[in-house]
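Enquirer: To start, I am sharing the structure in question, which I have written as C-alpha cells.
The values are calculated or read from the model by the stated rules, or taken from the named source; none is laboratory data. Because the structure is a prediction, the values reported are computed rather than measured. Here Cβ is always computed from backbone atoms with ideal geometry, including for glycine, and neighbour counts include all displayed protein chains. Remember, those area values only see protein heavy atoms, side chains included, never the ligands or the DNA or RNA. Shrake-Rupley method; radii C 1.70, N 1.55, O 1.52, S 1.80 Å.
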Amino acid sequence: MDAPSLVTHFDTLIDTFTGPIGRVVTSEKNPAAAHEFSFWAADSPAAALALDIGHIVVAFSEEAAVIGILDEPQRYGDLKTFLDDYFDYQGEDDIGTALASTRPEILVFTCRVLASRHLRDDVRSRRPPRSGPVYYATPDAIRLALGKEGYSGTAIPVLLHRNGNAARDADGEEIFEKTDDGMSRLVFQHTPVDVDSDYLLGPEAGHANWTGQSGLATKTSHALFVISSVFQKSPHSVAALMFNVKGPDLLWLDKAAYVSPEAADALAGRGVKMPTPLDRLMYEKMAMSPAPFADLRIFAPYKPGGEPHNEHGDQINLDGLFDHAALNTLRTARHETDCVYPILWNLQEVLRYPYRVFEGGDLDDKFFGFLSELREQNVQTVKGFEAKMREIMDYLNTEDDETGKKPQTWNDHHRFTILKANNRIRNLTNKCGGLLARNLVNYGELPRCDGTFADRELRVVDIANCNTTVQELLVSATIQRIWERAERSELGVEKVIIFVDELNKYAPGGGRGGLRDTLVDIAARGRHLNVVLFGAEQFRSKVDDEVVGNAATSFYGRIGDEEIISPSYRALTESTRAELLRVPKGTLLMRHAHIPVPVFGVFPRPPALAGSDAQKVYGASVHFGPEESVYRVLRDMSRHADVREPTMAEVKSVLGEHDLTSAQCDELMQRVRRTYRSGSRMTPWQYFCNTISKNRIGKTG
Amino acid sequence: MSVQNNTLTLGGRLTTALASLQASGLPFVATPAAVRLEHDLVSFDGDDARERGGPSITHLEGAHLSIIPIIPALPADTTWRVRYFLDGVQRTLPIGWCGMNALALVVVVAGVIERRPQDGVFRSVPGMTHIASSIIIASAANDTHTDDLYDAFTRTGLDVQTADNPTTGSLHDGDFIALQSRIRPVVSTVREACEYEALKAWIERTDGSEGWLVMDGSLSRADIGNAMGLIKRHSRFDLTNTEMTDLLHMPVGHRSSAFQRAVSGGLRPITWYLRLHEATGADPLFGLARIEAPSQTANPRDYDTLSHLIFAERTPRATNDDRWPTLLYPIHIAERILKVKLERALLGVPAALRRYLREVA
C-alpha cells in the first residue's frame, strides 16, 4: 500500500491536522531496523520545531503504521572537520557576522519503535518503516504504543505524556491557555501514561520502584500521586502504608491542595505553594479528581520519656486515654489529631527483634538462651523483667548453707550472662524511649499500625523524630507483621501497598538482615499474597537485585553522574541516561512490563498539600475553645458523610447542658470519631448527641 | 506499432524499447556494466569550452586589462543581492552497441535553487527544475541498423538524438572510439537546452527585482537580466602576454577590468576575472574565477558591485568538493540537490539493461 493510502487507513493514529513533520531516512550506514529508525525533522510546520526527546511519532512500513519514541537527536552539517568552519571565518573581522550562505543543517532523530499496527488485526508486523512521511502520534496511537490494548486489569494513570503537537478540541481547533502574565500560549497534546493494575498490584506482576536523587527526583510526591490514582481507579479494596521519615512530609495528606480560588488565595497568602492551572489540567486529562486522602491514619510512638506508665497496675489502657501532645509527631494541633494514634510496645514485643535493638557483638548463644528463658518465664514487661531480675539476683547473691559460696548460675545461665542481659535490657528503656512501655499495653478499640486495613486507608507511621533504633524497629516490625498478616489472609482489604523509602538502607545489595529478607520475600511473593512493594531509593545500584528486579514498573527521576554509570542503567540508551542527569522535577522516566521502550512523562502536584506547607497552616498551635473544636470536627465529619452539619449555636447549646472540660471534650470527640460509622442512619451530629447523653459525660452525667 | 505511454518512467520506457529490439532480432548488445561517459570522456576543457566567439576582445575599462581592488562594501544605494543559483547535472550511460552504432542515454537535471532571504536556507524553487533525457545514437555512415534503432526508441516516447556532426572528428571505417567521442557534443547540447529551460522558467517567474541569479558556467546570451555566469575552470584566455602575466599575479580580493568578446551577430556578455582565494605558492589559476554579466551592466560601478557580491560568496567554502577554490557554496548545494533528483530519474535504467542482457542470453 502506498503512503497516502496508509495515511488514510491509519488516520486515527496520526495527527493529520499538523501534517508531516519529517521523513524517515535510511542509508547503508544507518538502515531502518525493526526496533529503531531515523528521520529528519522538517523546518515547518511550527510543530516540527517542537520535536524533542520523548515525543511519539508515527511512520509507515509497507502495510503497517510504526509508532516510535524519539531518542537521540543529532544535527548534521556538511563540514568534514571543525577546521573547515574556522577557515570559513579566517580573515573575518567579526565572527558574529553571518556568512553569505548558511550551511544546511538537518536534525535527525533516532526513533525507538514502541509498537506497530498492521492493516490486518491478526498480523504483528516488525518490518522497519520505509522512507516516507512522519507524523505526530495521536492519543489513540500513544495508547496503542503503550500497550493498553493488552491490559488484563484496570488502567491506572501514573504519568502524562506530552507531545510536541497541539492539543485540539472536538472541532480540531488548537487549544490555548492563558499564562500568568496574561499572554496566550498553545497547549500541547497530553496523553495519560497508564499501567495495568494487574501488573502493578498483581497478580500478573507487581511492585513499583522509584530511583533518583533526594530532593530532585520527586519520588515520594509521585508515589503519593500513584497511590491516589490506585485509590481512584482500582476496582479492588486497597490500602497503603507509608513511613514518614522527614519532618511533617506525610502528616497532612488529608489536606486538599486543590481548593477553591478564594481558599487558594488565602493559602498562597500564607506562603503555601499552590498547584498551577496546568496541574489541574493534568488531573483532568487523566480523568482523576485531585482529592486528598480521606481516610488518613497516622501512627506515632511517644516522645522519649513521654510514654504513659502505670506503677500501680500491670496494664496501660490507651483507648480514649492517650494524650496526643505526648506523641512523637508534629501533628499535635488539638483539632487536627482525630486521625493520630499511638504506638506503644511492651518488652516482649521489643525482644522479638534482638538484631535491631542489641549490638551484634552481644548476641551470642548464651545471650539468646537467656532471652529464651525470659520468654518461657512469660516476662512481658519491663516491670516484670525488673521483678524477675530481683528474684534472680536474690538467688545469685544467696550463699549456699553448706559451702558458703554463691551460685554462679541460674537455671543454667551463667551469672555473667545474666548480668550482661540485665544491663542491655534495662538500657532498652533509653534506646527505645517513647516506644517501650513499662507495662502491658491495652489498645482497646484503637486502631494499630500493624492491624487490619480499611478500604482506601492511607496509613502513615511517623518515625521522623525517632532515634535510629526505634525507626528501624518500627519499619521492620510493621512490615513483618503486615506480611505475616498477609500470609494469614487477614489484611482486611484485597491489596495493600507498602511504600518503603531508602531501600538502600533496608534492602541493600549483598546485605543480610531481617527487613531485607522480608522485602525480598515481598518482592518475590507479594503479588500472590496481595502485598505490593512500592520502593524508592537514591542508588538503584546499591539495592538488592531481587527487590528491584521484581518491580514490573520502574520510575527514574534525576540521577547523579556517579550512579548513572553503574550497570543498573545499561539497558537505557546513552541519550536517555544523559537526559536523566538533568531531568527536571515533575518529570520521570517510566519502564513498565507492557512498554518495550522507557517513556518520559510528567505528573501534577499530589492532591494533598506539601507537608511543610500544611504544617504552617494546620500545625500551628491555634487554641480553639471546646465548642469550636467540637463544631469543627462535627462539621468535617458531616461534610465527609454529605449530611447536614450542625450550627455553632446547636453545639454550644448541647455542650452548655453538660459543661465539659477541654480534656473531656477531647475524649468525647475521640470516641465519636472512632465509633461513628459512615453510612450510619444517624448523622454525626445526632450520633454526638446520642453519645454525650448515653455516656453521661460532664455535669449532667 | 506505437507503445507510447506517458505514465511510464524512464526505466519503463527503456524496458519497452529493449523488448522491442529483442523482438525485432537486432543484434543489440546492452552494456549495463560500462563506465559512464563522464568518466571516460572527462575533458581537459574548462567550463568555457563551448563558448563561441573569436579571440577579439574589447576592453571596457581602459585600453588594456588592469587589476582593480574589490570595493570593501556595497554602495549604500544598491539593492542588489544574490538570491538564486542555477546549475545542471548529468549522467551519460553507454547503454549498448549494435553493429557500428554506439548508444548512450543522457539524463540532465537543471534547476534553480533559492537562498531564502529570511533565514538563508536553500531550497529548490518549485517549477524551476527541468529534467531532460535522450538516447544518443552515434552511427557509422550507412549502418543498416541505425534506422531500426532510431524507430525502436522513438516509439516508446524517448527523445532520440543522432550524433552525426563530422566536425567532432574524422571517422574512418571501424573507428568505434570516434563514434563514442561524437556523443559528447550532443550531451552538451542536451544539457544546454535543459539549463536554458530552467533559466527560462526563472526569467518568466521573476522580474529581476527579487535578486540576482548566479549560473554555473557561461551565460548563453548577453541580454539576460540580473543573471551572472561563473566560470570556474578555464580553457581559453584571449589576453596578451602582458595582460596574462598581470592576471596571473592578481592578488586575492581583486578583479580584472571588464572586457567583452565579439561574436558574429552580436556580443558575448561582459566579463572579468576575480581572485577568490589566495594563490601564493599554488597554481596561478587557483581561486581565479571569471564572471559574466549581462550587457546592460555597462559601467564600472556595476562590475564593482557584482564583484563584491560574488567575492562575499567565497565563504563558506564547498570543502567537500575539489573545485572549492572557485566553486561557490550555493552552487555546490544546488549540485547536491540536483544529483538526488538525477539519481531518482535514473531509477530502473540499469535494471532494464541487465534484464535485457539476461533475456537475450
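Enquirer: Kindly evaluate residue A:566 against the criterion of being farther than 25 Å from residue A:458 by Cα and at pLDDT 85 or above. Quick ask: steps written out before the conclusion?
Expert: Values: farther than 25 Å from residue A:458 by Cα: yes; at pLDDT 85 or above: yes.
Criteria met by residue A:566.
Enquirer: I'm checking my understanding of the structure. Among residues of the stretch A:109-120 that are of a type outside the set (Lys, Arg) and in a strand (DSSP E or B), which one is surrounded by the most Cβ atoms within 10 Å (Cβ to Cβ)?
Expert: Among them, the one singled out is A:111.
Enquirer: A further question on this structure: Take residue A:420 and decide whether it is basic (Lys, Arg), over 30 Å from residue A:340 (Cβ atoms) and open to solvent by 60 Å² or more (accessible area, probe 1.4 Å).
Expert: no
Enquirer: Restricting the search to the stretch A:54-89, which residues are among the polar types (S, T, N, Q) and away from chain B (no Cβ under 14 Å)?
Expert: Matches in the stretch A:54-89: A:61, A:74.
Enquirer: Another question, if that's okay. Tell me which residues, restricted to the stretch A:569-602, are of a type in the set (S, T, N, Q), free of Cβ contacts under 8 Å to residues at least 40 places away in the same chain and farther than 16 Å from residue A:215 by Cβ.
Expert: none
Enquirer: Is there a residue in the stretch A:388-410 that is in contact with a His (Cβ under 9 Å, 6 or more places away or on another chain), open to solvent by 60 Å² or more (accessible area, probe 1.4 Å), within 21 Å of residue A:304 (Cα to Cα) and not aromatic (Phe, Trp, Tyr)?
Expert: no
Enquirer: Does the stretch B:286-300 contain any residue that is more than 14 Å from chain A (Cβ to nearest Cβ), open to solvent by less than 60 Å² (accessible area, probe 1.4 Å), touching a Lys or Arg at 6+ places or on another chain (Cβ under 6 Å) and more than 30 Å from residue B:120 (Cβ to Cβ)?
Expert: no
Enquirer: Could you list all residues from the stretch A:348-369 that are closer than 20 Å to residue A:438 by Cα, hydrophobic (A, V, I, L, M, F, W, C) and part of a helix (DSSP H, G or I)?
Expert: A:350, A:357
Enquirer: Based on what the data block shows, is residue B:303 more than 14 Å from chain A (Cβ to nearest Cβ), open to solvent by less than 50 Å² (accessible area, probe 1.4 Å) and not polar (S, T, N, Q)?
Expert: For residue B:303, the condition - more than 14 Å from chain A (Cβ to nearest Cβ), open to solvent by less than 50 Å² (accessible area, probe 1.4 Å) and not polar (S, T, N, Q) - is met.
Enquirer: Would you check if residue A:638 is out of contact with any helix residue (DSSP H, G or I) (no Cβ under 7 Å at 6 or more places or on another chain) and modelled with pLDDT of 80 or more? I'd like the intermediate steps shown before the answer.
Expert: Numbers: out of contact with any helix residue (DSSP H, G or I) (no Cβ under 7 Å at 6 or more places or on another chain): no; modelled with pLDDT of 80 or more: yes.
So residue A:638 fails the test.
Enquirer: Looking at the stretch A:687-701, I want the residues that are open to solvent by 40 Å² or more (accessible area, probe 1.4 Å) and modelled with pLDDT of 65 or more and have a partner that is in a helix (DSSP H, G or I) and of a type in the set (S, T, N, Q) with Cβ atoms under 9 Å, at least 6 apart or on another chain. Which pairs are those?
Expert: What qualifies is A:687/A:675.
Enquirer: Related question: Looking only at the stretch B:318-361, how many residues end up being touching a helix residue (DSSP H, G or I) at 6+ places or on another chain (Cβ under 6 Å) and charged (D, E, K, R)?
Expert: 1
Enquirer: How many residues, within the stretch A:374-428, are part of a helix (DSSP H, G or I), of a type outside the set (D, E, K, R) and farther than 30 Å from residue A:467 by Cα?
Expert: Number satisfying all stated conditions: 5.
Enquirer: Considering only residues that are more than 14 Å from chain A (Cβ to nearest Cβ) and of a type in the set (Val, Ile, Thr), which ones fall in the stretch B:313-361?
Expert: Passing the criteria: B:326, B:349, B:360.
Enquirer: Then there's this: Are any residues in the stretch A:594-635 β-branched (Val, Ile, Thr), modelled with pLDDT of 75 or more and either under 30 Å from residue A:53 (Cβ atoms) or surrounded by fewer than 21 Cβ atoms within 10 Å (Cβ to Cβ) (or both), and if so, which ones?
Expert: Of everything in the stretch A:594-635, those that are β-branched (Val, Ile, Thr), modelled with pLDDT of 75 or more and either under 30 Å from residue A:53 (Cβ atoms) or surrounded by fewer than 21 Cβ atoms within 10 Å (Cβ to Cβ) (or both) turn out to be A:595, A:597, A:599, A:602, A:617.
Enquirer: Shifting gears a bit: Residue by residue through the stretch A:641-651, note down the ones that are at pLDDT 85 or above, part of a helix (DSSP H, G or I) and either open to solvent by less than 50 Å² (accessible area, probe 1.4 Å) or not acidic (Asp, Glu) (or both).
Expert: A:648, A:649, A:651
Enquirer: For the stretch B:91-166, which strands (runs of 3 or more DSSP E) that fit wholly inside it have 1 or more residues that are within 16 Å of residue B:27 (Cβ to Cβ)?
Expert: Fully inside the stretch B:91-166 and qualifying: B:101-115, B:122-139.
Enquirer: Can you pull out every residue in the stretch B:87-119 that is touching a Lys or Arg at 6+ places or on another chain (Cβ under 9 Å) and within 14 Å of chain A (Cβ to nearest Cβ)?
Expert: B:113, B:114, B:115, B:116, B:117
Enquirer: Then there's this: Could you please let me know if residue A:502 is open to solvent by 40 Å² or more (accessible area, probe 1.4 Å) and modelled with pLDDT under 90? If you could, list the steps in order and put the result at the bottom.
Expert: Values: open to solvent by 40 Å² or more (accessible area, probe 1.4 Å): yes; modelled with pLDDT under 90: yes.
So residue A:502 fits the description; yes.
Enquirer: Let me ask you something else. Pull up the stretch A:535-545, narrow it to residues that are touching a Leu at 6+ places or on another chain (Cβ under 9 Å) and outside any loop (DSSP other than H, G, I, E, B), then point me to the one that is surrounded by the fewest Cβ atoms within 10 Å (Cβ to Cβ).
Expert: A:542
Enquirer: Tell me the strands (runs of 3 or more DSSP E) entirely within the stretch A:124-179 that contain at least 1 residues that are open to solvent by less than 30 Å² (accessible area, probe 1.4 Å).
Expert: Strands (runs of 3 or more DSSP E) meeting the threshold: A:133-136, A:155-166.
Enquirer: Go through (1) touching a residue at least 24 places away in the same chain (Cβ under 8 Å); (2) touching a strand residue (DSSP E or B) at 6+ places or on another chain (Cβ under 6 Å) and name the single condition residue A:424 misses.
Expert: Answer for residue A:424: the failing condition is (2).
Enquirer: When the stretch A:35-84 is examined, which residues are found to be touching a residue at least 60 places away in the same chain (Cβ under 8 Å) and among the aromatic types (Phe, Trp, Tyr)?
Expert: Matches in the stretch A:35-84: A:37, A:39, A:40, A:60.
Enquirer: If only one of A:172, A:132 is closer than 26 Å to residue A:68 by Cα and modelled with pLDDT of 90 or more, which one is it?
Expert: From the options A:172, A:132, the qualifying one is A:132.
Enquirer: Further question on the same structure: Of the residues in the stretch B:216-229, how many are open to solvent by less than 10 Å² (accessible area, probe 1.4 Å) and modelled with pLDDT of 90 or more?
Expert: 4
Enquirer: Does residue B:276 fit the bill of being modelled with pLDDT of 90 or more and open to solvent by 10 Å² or more (accessible area, probe 1.4 Å)?
Expert: Taking the combined requirement at face value, the residue does not satisfy it.
Enquirer: Moving on to the next point. Restricting the search to the stretch A:183-215, which residues are part of a loop (DSSP other than H, G, I, E, B), closer than 18 Å to residue A:528 by Cα and open to solvent by 10 Å² or more (accessible area, probe 1.4 Å)?
Expert: Those that are part of a loop (DSSP other than H, G, I, E, B), closer than 18 Å to residue A:528 by Cα and open to solvent by 10 Å² or more (accessible area, probe 1.4 Å): A:203, A:204, A:205.
Enquirer: Here's something else I'd like to know. Hey, can you tell me all the residues within the stretch A:216-247 that are assigned to a loop (DSSP other than H, G, I, E, B) and open to solvent by 20 Å² or more (accessible area, probe 1.4 Å)?
Expert: Within the stretch A:216-247, A:216, A:218, A:235, A:236, A:237, A:245, A:246, A:247 meet the criteria.
Enquirer: Further, regarding this structure: Sort out which residues of the stretch A:90-104 are facing another protein chain (nearest Cβ under 7 Å) and farther than 27 Å from residue A:51 by Cα, and write them in order of number.
Expert: Hits for the stretch A:90-104 are A:99, A:100.
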